[in-house]
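The values are calculated or read from the model by the stated rules, or taken from the named source; none is laboratory data. These figures come from a predicted structure and were not determined experimentally. Glycine gets a Cβ as well: all are built from the backbone with ideal geometry, and neighbour counts include every protein chain shown. Surface accessibility is based on the protein's heavy atoms, side chains included, excluding ligands, DNA and RNA. Shrake-Rupley method; radii C 1.70, N 1.55, O 1.52, S 1.80 Å.
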Amino acid sequence: RNVIDTNYHINTCGQNSAHRPSGIYTSHVDGPIIEQNLLDHNGWNEDVQSACATMYNHNMYLNADDLIVRENFISRASSMGIKMRSDKSDDAKRLTFENNFFYDGEIGLGIGGNKDVAFRFVDVKIKGNVFSQVGIGNPTKRNFSWMLGIQDHDGSVVEDNYFLHQPWYTNAFGIQLKSTTAKGITLRNNLFYGLKKNPISITAKSAWSAIKVENNRIVDVEFDECLISHSGPFAPLTYSGNAYSSTTSKGWFCVDGQRKDKAGWTAASGETPKTAQTSFTDPTRTLETYAKSLGYKDAVALIEAAKKRSRLDYDTALTARAINAYIKAGFQ
């Protein structure tokens, strides 16, 4: 229940990598638990002329084994809400990210990047998180929104997450799986709603094995884009039980850059697409609507109020748990 906000360094403009301020940094730590904290606006400060948002600054920059990151309110990062770093095989093991709320920044959770080394991340669980309006503030002015990136994983489960409301950029994805190595990865029971581009983006390699994409719901209510973008071989993957809905009359799927209709997708992937539910209780729910439901002017006012809590006056309505429950209830 710590408040960690607005850590910055001067002279970071122009993507200067000399200074890399973040909210939390860990390297080769065993068993850290990061729980119920508010991490906001780390890595930059608009009130200081030379303290710009860059790709190098994050709310959390972590390397660890037996890590638990649970029920954190993660907002307005310079770049990533959480960046996981591992530069060699088997260097970050047994990682859990559960019921966190990700808002703004330009990347929600990145577990990969930097290196191309086999199976750097082992036994990762990403469950019940909400990624909402990632990229709305466009802090680095690079015009993209990446919610969850996965690279070089061995034995990971991504389930019951919500990827919501990203209508701004075409350089965007809900989940991207793209790396030289991947095995034993399951993407299941996730909901994608209101994403302008690539709810699921997969660039497969023949060396991959045991990749499952199952029982996800992907709903496009206004954009003319592919619900799944798949490149490379299908043999290492199993698509099954996924449900889709889109307003576009074009093909709902992209295979090696070519639009495919349902029949074309079945021929390529082996999956017979189900039809996704499109009517929900209130799918427009965001941090902004939640703030107004509590009487705050906007999302920023809610965040500022959350920063002022103390152990003697702790309003549980201003927590990731409460925000996630509110947003998820809109998709009943």
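Per-structure values
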item	result
Calculated log₁₀ intensity ratio I(q)/I(0) where the Debye formula runs over C-alpha points of the chain, q = 0.10, 0.12 Å⁻¹	-0.55, -0.81
Local electrostatic count, His28, Cβ distance below 15 Å [Lys/Arg +1, Asp/Glu -1]	-1
Helix-only [θ]222 nm of the chain, DSSP H runs n ≥ 4, -39500 (n - 2.57) each, per residue, nearest 500	-3000 deg cm²/dmol
In Hz, Karplus ³J(HN,Hα) per residue of segment 51-61 (6.51, -1.76, 1.60; θ = phi - 60°; x = Gly, Pro)	9, 8, 6, 9, 5, 9, 10, 9, 5, 9, 10
Distant-in-sequence amide H partners of Asp90 (H built 1.01 Å from N, under 5 Å)	Arg120, Phe121
Net lengthening on full extension, Lys307/Ala235 (0.36 nm per residue, minus Cα-Cα)	21.0 nm
Surface per residue (accessible, 1.4 Å probe) for segment 235-332, Å²	52
Formal net charge of residues neighbouring Ser89 (Cβ-Cβ distance under 12 Å; K, R +1; D, E -1)	-2
Scaled radius of gyration (Cα, divided by 2.2 N^0.38 Å) that segment 224-332 gives	1.56
Cut-off under 5 Å, modelled amide H: who pairs with Ile24 long-range	Met60, Tyr61
Table column - 3J(HN,Hα) (Hz), segment 150-163, Karplus curve with 6.51, -1.76, 1.60, x for Gly and Pro	10, 9, 6, 9, 10, x, 10, 10, 10, 9, 6, 9, 10, 10
The chain: relative contact order in percent, alpha carbon pairs under 8 Å with at least 6 residues between	10
Charge dipole (debye, nearest 20) of segment 205-332; +1 at Cβ of Lys and Arg, -1 at Cβ of Asp and Glu	380
Sequence-separation-based contact order of segment 284-324, relative, with Cα cut under 8 Å and 6+ spacing, percent	28
Contact order relative to length of segment 1-66, as percent, for alpha carbon pairs under 8 angstrom and 6 or more apart	46
Segment 15-58 - percent of accessible surface contributed by carbon and sulfur, probe 1.4 Å	46
Against the rule of thumb 2.2 N^0.38 Å, how large the Cα Rg of segment 279-332 comes out	1.18
For segment 1-156, fraction of C-alpha pairs farther apart than 26 Å, in %	20
Heavy-atom surface of segment 15-85, accessible at 1.4 Å and reported per residue (Å²)	36
Computed log₁₀ I(q)/I(0) - Debye formula, equal Cα scatterers, no solvent, segment 1-58, q 0.12, 0.13, 0.17, 0.21 Å⁻¹	-0.31, -0.36, -0.57, -0.77
Placed amide H near Phe97: partners under 5 Å, 5+ positions off or other chain	Val69, Lys125, Ile126, Lys127
Diffusion constant of segment 132-186 at 10 °C, which comes from Stokes-Einstein with the Kirkwood Cα-pair radius and 1.306 mPa s, µm²/s	127
